[in-house]
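Below you'll find the structure, written out as structure tokens, and then a few comments.
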Amino acid sequence: MSFRIKTILILTLLSVTPYIITVVLLGNVYRNETRDRIIDDMHYQLETVANQLNARLETLEKDAAFMANLDVMNDILSADLDRRITQVLISKKQDLQLDGDFHVIDEKGVIVASSDVNSVGGRPDLSDTDFSVDIVSSLTGGAIGRMIVDYQLSTLEKLLPVSEHQQFSLVPSAAFEGRRHADLLVDGMPLAARPDLVLQLSRSPDFAFALLENLQKFLLIGLFIGIGAIAVISFLIASYLVDPIMKLANTAQYVKQTEDYSRRVDISRSDELGALANAFNLMLSGMERLIARVQEESENRIKLAEEKNRAEMLQSLSTKLSKYLSPQVYESIFSGERDVTLSSSRKKLTIFFSDIVGFTDTTDQMETEDLTALLNEYLSEMSEIALRHGATIDKFIGDAIMIFFGDPKSEGVSQDALHCIRMAMEMQARMSKLQEHWRQQGFSHPLSIRIGINTGYCTVGNFGTDNRMDYTILGSPVNLASRIESSADPGAIFISEETYLLVKDEVPCVPARKVTPKGFHTEIQLYRVLERAGSKGTVTMREPGFQLTVDPEELSAESRAALRKKLDDLLG
Amino acid sequence: MEKLVFLIALLTSLPVCAKDYAVVVSAGTGIGEMEAIMIRDVFLKKRQFANKLRLLPLNITGDSPARRAFEESVLHMNRNELNRYWIEHHFQGVSPPGTQASFDALKAVIQRVEGSITYLPITMVDERMEIIHEF
């Protein structure tokens, strides 16, 4: 059962119940009062009519007494021969409209005069109801006869009111049914002047209860009207209460179904339901903002995730790509310092070339997997050293490595050259350890490298096409560096004179040889770098067949002895 | 004055007029003849008894010749005098004699009521009544 119906029923019941109680109580009270009023009314009417009848009879008696005292009554003595008494009686009968007759009888009881002339000479048929008055002669002073009023009941009945709904009647006392209170139909009152008669008032039930029935109808009509009015009012009240609630419910249902949190409930009231509606709208607003924020955050997170993924992908790509670029180039590109366009510049760079001595021969003797692992290890080690020294790894050409210093970052030509030399020295030192490592791994022919370094003005930048470019250096110094490298001894570092002049104060070098590199027309002096790695006193020598690195300062007496003994054993 | 007129009327009438009316009473009253003056007293309610009998004077109603004759010859009073007389005596509680509308009625009263006295035409007198005076 809906709240609206419940509200209507409850309000109707609560409103109608006291009404019904009141109506019933008032109805009972009014019914009793009406009954009493009806009884009183009947009694009043009876009393009034009875008084009239009694008055009529008294009047008759008085009239009879009056007539009896008339002097004309002396005509009794003459047997009313002149009919003067008769005329008086007849006249009086007419005046009183008496149903009956006046009789004057003499002392012998014979009618000497009568309003009924036919009865003269006879004797009256007296009944207990007739009354008579002595006639005292004004002549003789004695009673000479009696005045008898022989009236019929109709004399009184003519005085009874005629009504459609009630009937007055004169009934013998013995025949009177008695008042019946229960149905208010009959009431009676004895006549004082005629104790043998009872004035009876009979009412038709319809008339008797007309008031009550009217009252009941009135109350029923009022009750139904009241119930109807209460029901209507209850419906309005319920609607006033329920409609806002249903609006809220419908709005909530709509929001649930459509997830449209922009919907608002339109309830403009200043009461508690209005407050509820406002709170509901505020809640929807809050939820809308929250959802929007969540969506925004979700979108942002998705974006972030996408961007993160993209970034990670880019990072991965860039990391992957970075393996193909020197860290400096990679860094300059991704930092925006360097634009990826076909452009170049001329700078004085120090160029480094290295390759593995006899790589081809070595690779022919190795398994592919071993070669790959060895080469990768070599390149990784070298690359790590190069990066650490701030070198720009131009490219790996198989086993060869091309590196340059001075771009994209430069610490000055001298420092660049110095870094290059130190890098080369560390590479050679590392190679010594790698050789031992590889030897321990079973490589019978450990690798050695030769290094060539030159310093000179080169063109550095992006070369190629817009779709495919390569960051590299061009110029004769590059070629020369490559030639110097080719001329270098395995395990040695050969530099050009230009480079030597830049580093001679820092790095010990000795003249190596003079060569006329291919493509060059002049002979150039090459210098060999004396490798000192580790501490300042460390000496490294590499010759075909051996490599020696000794740090005398670190060498203990036992190590010296062991070294000496080892060399003696090796060399015989 | 009244007496004088009465006397003159009596003296002058006696030898000339015949007696048409008689004052009668019920038979057997034993009153006998009554002098006119006594009759007059009776009808003027100055006398109520005669022969130890209560007398009931009766007149005929109206202005009949008999009554006029009676008033003239017996009462020796005209109607105005009588009216005045009875008005005076009414306040003394004396009412005038009763009346009957006809001689028959008077006759009936005479016959029925002992002590009643009235006047009738002589021709109506019968054995049931007694003439006490004629006029």
Revision key, fill the gap. Note on the stretch B:64-110: residues part of a helix (DSSP H, G or I), over 28 Å from B:M124 (Cα atoms) and within 14 Å of chain A (Cβ to nearest Cβ) are B:W86, B:H90
Point to revise | Every residue from the stretch A:36-54 that is free of Cβ contacts under 8 Å to residues at least 24 places away in the same chain, of a type in the set (V, I, T) and farther than 28 Å from A:F131 by Cβ | key: none
**Study point:** Exclusive hit being surrounded by fewer than 19 Cβ atoms within 10 Å (Cβ to Cβ), polar (S, T, N, Q) and at pLDDT 85 or above, set A:S91, A:S114, A:S127
**Key:** A:S91
Check your understanding: Within the set of pairs 6+ apart or on separate chains, which have a first residue in the stretch B:120-135 that is in a strand (DSSP E or B), a second that is surrounded by 17 or more Cβ atoms within 10 Å (Cβ to Cβ) and aromatic (F, W, Y), and C-beta atoms under 6 Å apart?
Key -> B:L120/B:F103; B:P121/B:Y21
Exercise for review: Just give me the residues in the stretch A:64-96 being acidic (D, E) and either farther than 21 Å from A:L160 by Cα or within 14 Å of chain B (Cβ to nearest Cβ) (or both), in sequence order.
Suggested key: A:D71, A:D75, A:D80, A:D82
Review point. Taking interchain pairs and intrachain pairs at least six residues apart, which have beta carbon atoms under 7 angstrom, with the first residue in the stretch B:23-44 and on the phi > 0 side of the Ramachandran plot and the second polar (S, T, N, Q)?
Key: B:G30/B:N51
Point to revise | Identity of the residue in the stretch A:142-168, of a type in the set (S, T, Y) and surrounded by fewer than 15 Cβ atoms within 10 Å (Cβ to Cβ), that ends up farthest from A:L57 (Cα to Cα) | key: A:S163
Check your understanding: Filter the stretch A:411-443 for residues that are surrounded by 17 or more Cβ atoms within 10 Å (Cβ to Cβ) and polar (S, T, N, Q); which is nearest to A:S482 (Cα to Cα)?
Key -> A:Q428
**Study point:** Considering residues of the stretch B:20-63 that are in a strand (DSSP E or B) and of a type in the set (G, A, S) only, the residue farthest from the other protein chains (Cβ to nearest Cβ)
**Key:** B:A22
Review point. Given the conditions (1) closer than 22 Å to A:D196 by Cα; (2) in contact with a strand residue (DSSP E or B) (Cβ under 6 Å, 6 or more places away or on another chain), and given that A:D125 satisfies all but one, which numbered condition is not satisfied?
Key: (2)
Check your understanding: Out of the residues in the stretch B:118-135 that are away from chain A (no Cβ under 13 Å) and under 12 Å from B:R67 (Cβ atoms), which is surrounded by the fewest Cβ atoms within 10 Å (Cβ to Cβ)?
Key -> B:P121
Check your understanding: Only one residue in A:V16, A:V104 is in contact with a Ser or Thr (Cβ under 8 Å, 6 or more places away or on another chain) and at negative phi. Which one?
Key -> A:V104
Check your understanding: Tally time: how many residues in the stretch A:253-273 are touching a helix residue (DSSP H, G or I) at 6+ places or on another chain (Cβ under 8 Å) and part of a helix (DSSP H, G or I)?
Key -> 2
Revision key, fill the gap. Among (1) within 18 Å of B:I132 (Cβ to Cβ); (2) more than 9 Å from chain A (Cβ to nearest Cβ); (3) not acidic (D, E), B:G115 falls short only on (2)
Review point. Out of (1) out of contact with any Leu (no Cβ under 8 Å at 6 or more places or on another chain); (2) more than 30 Å from A:R203 (Cα to Cα), what's the single condition that is false for A:K158?
Key: (2)
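The values are calculated or read from the model by the stated rules, or taken from the named source; none is laboratory data. All figures in this text were calculated on a predicted structure; none of them were measured in a lab. Cβ atoms come from the backbone with ideal geometry, glycine included; neighbour counts cover every protein chain shown.
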